[in-house]
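Data first, discussion second: the structure below is written as structure tokens.
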Amino acid sequence: MEITQRRRVFDGHFKVIELTATTPQGEAITRERFEPGQAVAALVFDTSKQQYIVTKQFRIGPEINLLEIAAGMIDKDESPETAVRRELHEELGCEVDALTEIVKMWPSPGTSGETITVYYAEVSRQTGAGGGLAAEHEHIEIILLTRAQLIAEPWQDAKSLLAVQWVQLHK
């Protein structure tokens, strides 16, 4: 397929782009693509406590409080590594000692232009309160889990499930 036209049809907190494409058979089709931006996420292991640190917060998509790995959006002109370090400080109050990229993924490639770069992070000290930013209306609960609890948890979002499976294979 070849994209022949792009038009922004919604410009709110998120963006929606209308794409017109030509199929290999010469047919024109129109599709909408959700444009939330680019994100980062990390499964955090506290080497001093020997526990994993995850978050619990209300998520608008499923309309529930969701247990998940820390995550956030990449700001303009920011690298994914800088963004994940910033997010871990904002959400968990932690400074990163070691960072390993697990994968850069498309969580929903059929409908969205979003990518999420998922990391495994090791920390050993907390230098802030965490809990998210009041200016962003974040109310994040910090949850500590043993390895057994982490693996036993019935993860409900793809980035967290992927990171936990990576830990099972590599750590």
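Residues of region 1-57 that are among the acidic types (Asp, Glu) and over 26 Å from ILE143 (Cβ atoms): GLU2, ASP11, GLU18, GLU27, GLU32, GLU35. The listed residues are ASP77, ASP97, and the only one of them that is part of a strand (DSSP E or B), without any contact (Cβ under 8 Å) to a residue 60 or more places away in the chain and not polar (S, T, N, Q) turns out to be ASP97. Evaluate the following for GLU35: is it surrounded by fewer than 17 Cβ atoms within 10 Å (Cβ to Cβ) and modelled with pLDDT of 95 or more? Against the criterion (surrounded by fewer than 17 Cβ atoms within 10 Å (Cβ to Cβ) and modelled with pLDDT of 95 or more), GLU35 does not qualify. Inside region 28-73, residues that are touching a strand residue (DSSP E or B) at 6+ places or on another chain (Cβ under 9 Å) and either basic (Lys, Arg) or assigned to a loop (DSSP other than H, G, I, E, B) (or both) make up a count of 10.
Quick check on GLN57: is it of a type outside the set (Ser, Thr, Tyr), under 30 Å from SER124 (Cα atoms) and out of contact with any Lys or Arg (no Cβ under 9 Å at 6 or more places or on another chain)? Steps first, please.
On the way: of a type outside the set (Ser, Thr, Tyr): yes; under 30 Å from SER124 (Cα atoms): yes; out of contact with any Lys or Arg (no Cβ under 9 Å at 6 or more places or on another chain): yes.
So GLN57 fits the description; yes.
Within region 100-146, no residue satisfies the criterion of being of a type in the set (Lys, Arg) and either surrounded by 19 or more Cβ atoms within 10 Å (Cβ to Cβ) or assigned to a loop (DSSP other than H, G, I, E, B) (or both). Considering only residues that are surrounded by 12 or more Cβ atoms within 10 Å (Cβ to Cβ) and under 28 Å from ILE74 (Cα atoms), which ones fall in region 6-32? Listed by number, the residues that qualify are PHE10, PHE14, LYS15, VAL16, ILE17, GLU18, LEU19, THR20, ARG31, GLU32.
Per-residue answers, yes or no, for (1) under 15 Å from ALA163 (Cα atoms); (2) at pLDDT below 95; (3) not aromatic (Phe, Trp, Tyr):
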{"position": "VAL40", "(1), (2), (3)": "yes, no, yes"}
{"position": "SER48", "(1), (2), (3)": "no, no, yes"}
{"position": "ILE60", "(1), (2), (3)": "no, yes, yes"}
{"position": "ILE69", "(1), (2), (3)": "yes, no, yes"}
{"position": "PRO109", "(1), (2), (3)": "no, yes, yes"}
{"position": "TYR119", "(1), (2), (3)": "yes, no, no"}
{"position": "GLU122", "(1), (2), (3)": "yes, no, yes"}
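Looking at this structure, is THR111 in the same structural domain as ALA134 (by TED's automatic domain parsing), within 13 Å of the chain's Cα centre (by Cα) and in contact (Cβ under 8 Å) with a residue 24 or more places away in the chain? No; evaluated as a whole, the condition is false for this residue.
The values are calculated or read from the model by the stated rules, or taken from the named source; none is laboratory data. Quantities reported herein were computed from a predicted structural model and do not represent experimental measurements. Note: ideal-geometry Cβ built from the backbone for every residue, glycine included; neighbour counts use all protein chains shown.
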